[in-house]
């Protein structure tokens with residue numbers, strides 16, 4: 001049975017992108033590789049919303065998150081963590097592992113970070129102890145997305161360095177790194193860019209690059225300064241995952257051929273359709289109305305339906321692969337991803353399979369209600385917000 005992968009990542013990858021990985025190896029110190037690296041960086045800058053350098057790391061997104069700390073902070077530095085789920089907490093754990101002192105601004109489950117609360121917390125830091133603020137653009141564990149423009153305004157007056165995990169947000173929703181004034185933004189290949197995992201991207205502001213000269217944390221593989229230096233010559237410091245770069249090169253070309261605005265609209269429309277369909281079938285959306293992600297929909301199953309049992313039946317009988325919850329939400333929610341080489345037909349087909357699975361489990365539902373709601377939502381193509 002062919003599976004339909006609708007996860008928070010990795011995501012379905014188009015055939016031309018997969019085929020790119022079969023190309024022969026080349027000299028990663030030669031001119032052909034330099035052209036690929038330059039083309040990828042040119043394609044990434046407008047998505048980050050920056051005119052600055054974007055460096056590539058041979059790692060998952062977590063590697064780029066770690067690189068943010070080893071390059072910008074020193075043991076004893078105080079950072080303010082603003083988690084809205086599991087991956088925000090991971091950011092804080094990385095900071096702690098490098099000797100940073102982590103303070104936390106908590107947010108209620110399912111809610112986005114309150115920019116007013118963040119501003120108020122930073123105003124209490126009159127001594128400017130807080131050196132950095134850790135932010136998540138989009139949280140795949142909860143299906144919550146932050147208003148990054150409002151958050152940028154809240155942080156600007158304090159002056160702390162801002163680190164943004166946009167691994168599942170960048171490319172699927174508007175981001176303006178330079179305009180909003182963020183210092184470090186990281187993302188990865190296996191989300192909205194619809195490429196295989198293995199490449200992380202790291203962008204820094206001028207202030208961010210300058211701060212790297214003051215960090216006392218030892219670094220070698222994740223030395224962003226070294227990656228930037230080598231990138232200027234069309235190389236990477238260490239042997240890169242060449243096949244994944246081939247794939248990313250093709251994936252980015254496809255992304256820009258579609259147009260960034262169209263891609264952003266598509267993710268928002270798919271997420272609206274999934275939410276409408278699930279609600280019509282008795283699911284309860286986890287994220288609050290003003291905090292919906294465009295790349296992941298998280299929801300509680302209808303009353304009486306066990307999440308794990310539902311996901312297993314959906315996968316084994318109908319070939320539709322969704323995710324379960326993480327951490328405190330393990331066994332409680334399901335998560336439906338909208339990223340990757342996914343069509344409207346895939347969305348409708350997955351919703352139909354969900355309806356069949358609910359029937360298999362004798363869950364009360366209205367047959368066809370989900371697909372009808374999804375079709376109605378998909379027919380509206382003008383809005384570009386969640």
Likely footprinting exposure, 134, 5, fewest C-beta neighbours within 10 Å first:
5, 134
With angles folded into 0 to 90 degrees, how steeply does helix 86-97 sit against the dominant principal axis of the chain? Use alpha carbons for both and round to 10.
30
In degrees, nearest 10, the alpha-carbon axis of helix 307-318 is tilted away from the dominant principal axis of the alpha carbons of the chain by 70
Helix-only [θ]222 nm of the chain, DSSP H runs n ≥ 4, -39500 (n - 2.57) each, per residue, nearest 500:
-13000 deg cm²/dmol
What nm value, rounded to one decimal, do you get for the distance between residue 109 and residue 210 when each label is placed 7 Å out toward the C-beta?
4.4
May I ask what percent, to the nearest 5, of DSSP beta bridges between residues of the chain are antiparallel?
50
In whole Å, largest first, what are the principal axis extents of the Cα atoms in segment 25-152?
52, 31, 26
Using only alpha carbon pairs under 8 Å that are at least six residues apart, calculate the relative contact order of the chain and give it in whole percent.
24
Inverse of <1/r> over all distinct C-alpha pairs of the chain, i.e. the Kirkwood Rh in Å, gives 21.4
Pick from 177, 339, 21: which residue has the top mean-square fluctuation in a GNM of the chain where Cα pairs under 10 Å get a spring?
21
Fewest first, what order do 270, 300 take by the number of other Cβ atoms within 10 Å?
300, 270
Which value in nm describes the separation of the simple spin-label points at residue 97 and residue 290, placed 7 Å from the Cα toward the beta carbon?
3.5
Within 10 Å of each residue's Cβ, count the other Cβ atoms and sort 357, 50, 126, 233 from fewest upward.
126, 233, 50, 357
Using Cα springs under 10 Å in a Gaussian network model of the chain, which residue among 75, 196, 301 shows the largest mean-square fluctuation?
75
With Cα coordinates, the longest principal axis of the chain makes an angle with the long axis of helix 242-258, in degrees rounded to 10, of 70
Roughly how many nanometres apart are two label points built 7 Å out from the Cα toward the Cβ at residue 2 and residue 362?
3.5
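Every number here is computed from the coordinates shown, using simple stated rules; none is lab data. Not measured: the values here are computed from a predicted model. Cβ atoms come from the backbone with ideal geometry, glycine included; neighbour counts cover every protein chain shown.
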